[in-house]
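Enquirer: The following block contains the structure, expressed as structure tokens.
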Amino acid sequence: MTSGWFITFEGGEGSGKSTQAKRLSERLKEEGHSVTVTREPGGSPFAERLRTLILDPTLETHTPLAEALLFASARADHLDQVIRPSLAAGGVVICDRFLDSTRVYQGYAGRVEPRLLEALELIVVQHTKPDLTIVIDIPAEVGLARAALRMEAPVHTAPSEKPPKQPRGLLTDRFETRDLAFHKKLREGFIEIARLEPQRCVVVDGQRSPDEVARDVWSIVQARLLSDTA
Ligand SMILES: Nc1ncnc2c1ncn2[C@@H]1O[C@H](COP(=O)(O)OP(=O)(O)OP(=O)(O)O)[C@@H](O)[C@H]1O
Ligand SMILES: [Mg+2]
């Protein structure tokens, strides 16, 4: 069976993951690859419904296990419906957030025991680990400011104009509303994972222009993945 490449983008809020996932997908398509861009939580119809629930800022769960199981359920469906079939067909899958976000948001900076997350990862992810994970690193304040700017955009629309499409279902999600200390911890968590798994993860400085970041990402993909098939 052929197997494509599984690339994930990770990092804090507003670090540029979605921007770079799109840029990389365009570049890979230019090179003739079949590319699927997807995201977590979500990525399949069932998981997108769970995403709405998971990110709803008005709906706080007080049971860390309940939250972790919802993420795991969404991921199981996403892997089964989208990621594994695309990889099996030899395509490139680019996923905007994946297992490291769970480890960091729910484990490192969150309330779920790492032992529990490890068990869920074994059951749900199994062997479908990313071939390459790009961690976009920026200070928490910078990322949050970017995310806030983006979220304020619809406010400036004249009433007669058609409102711009909202980038997501909910303006401020449940994690964005957490305090700065939480977001600083997220940054530490992603860096720590990259330090522990250097074969899979590469950290990219996200405090440069989107073009510069995209150039870096492309060199990494060429060095880590394209060179294998040359
Ligand atoms: N390198 C960059 N420099 C400045 N602004 C950027 C850069 N990359 C992205 N942006 C802008 O910052 C905002 C957030 O970018 P993007 O949505 O790609 O980040 P994200 O990591 O996907 O955020 P989130 O975690 O909230 O999904 C967008 O308005 C985007 O246009
Ligand atoms: Mg995004």
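Enquirer: What translational D, rounded to a whole number of µm²/s, comes out for the range 47-93 from Stokes-Einstein when the hydrodynamic radius is the Kirkwood one over Cα pairs, at 10 °C and 1.306 mPa s?
Expert: 134
Enquirer: Another one. Rounded to two decimals, what is the ratio between the C-alpha radius of gyration of the range 1-61 and 2.2 N^0.38 Å?
Expert: 1.39
Enquirer: Would you mind getting me the FRET efficiency between D80 and L116? Use the beta-carbon distance for r and R0 = 22 Å, nearest 0.05.
Expert: For D80 and L116, the calculated efficiency is 0.55.
Enquirer: Ignoring ligands, DNA and RNA, please state the percent of accessible area on the chain from carbon and sulfur, probe 1.4 Å.
Expert: C and S atoms contribute 55 percent here.
Enquirer: Which order do the peptides 18-26, 104-112 take when ranked by the mean count of other beta-carbon atoms within 10 Å per residue, highest first?
Expert: Packing proxy ranking, top to bottom: 104-112, 18-26.
Enquirer: Next question, about the same structure. Taking 0.36 nm per residue of separation and subtracting the Cα-Cα distance, what length does fully extending A89 through Q199 add?
Expert: 37.2 nm is the gain from fully extending A89 to Q199.
Enquirer: To continue, here is another question. Jot down the radius of gyration and Dmax of the chain, Cα atoms only, both in angstrom.
Expert: Taking only Cα atoms of the chain, I get Rg and Dmax of 17.4, 54 Å.
Enquirer: Arrange the peptides 194-205, 91-102, 66-77 so that the one whose residues have, on average, the most other Cβ atoms within 10 Å appears first.
Expert: 91-102, 66-77, 194-205
Enquirer: Alpha carbons only, please: Rg and Dmax for the range 32-124, in angstrom.
Expert: Both quantities, over Cα of the range 32-124: 13.7, 47 Å.
Enquirer: I would also like to ask the following. What accessible area per residue, rounded to a whole number of Å², is obtained for the chain using a probe radius of 1.4 Å?
Expert: In whole numbers, the chain has 52 Å² accessible per residue.
The values are calculated or read from the model by the stated rules, or taken from the named source; none is laboratory data. Quantities reported herein were computed from a predicted structural model and do not represent experimental measurements. Glycine also receives a Cβ, built like all others from the backbone with ideal geometry; neighbour counts cover every protein chain displayed. For accessibility, only protein heavy atoms count, side chains too; no ligands or nucleic acids. Shrake-Rupley method; radii C 1.70, N 1.55, O 1.52, S 1.80 Å.
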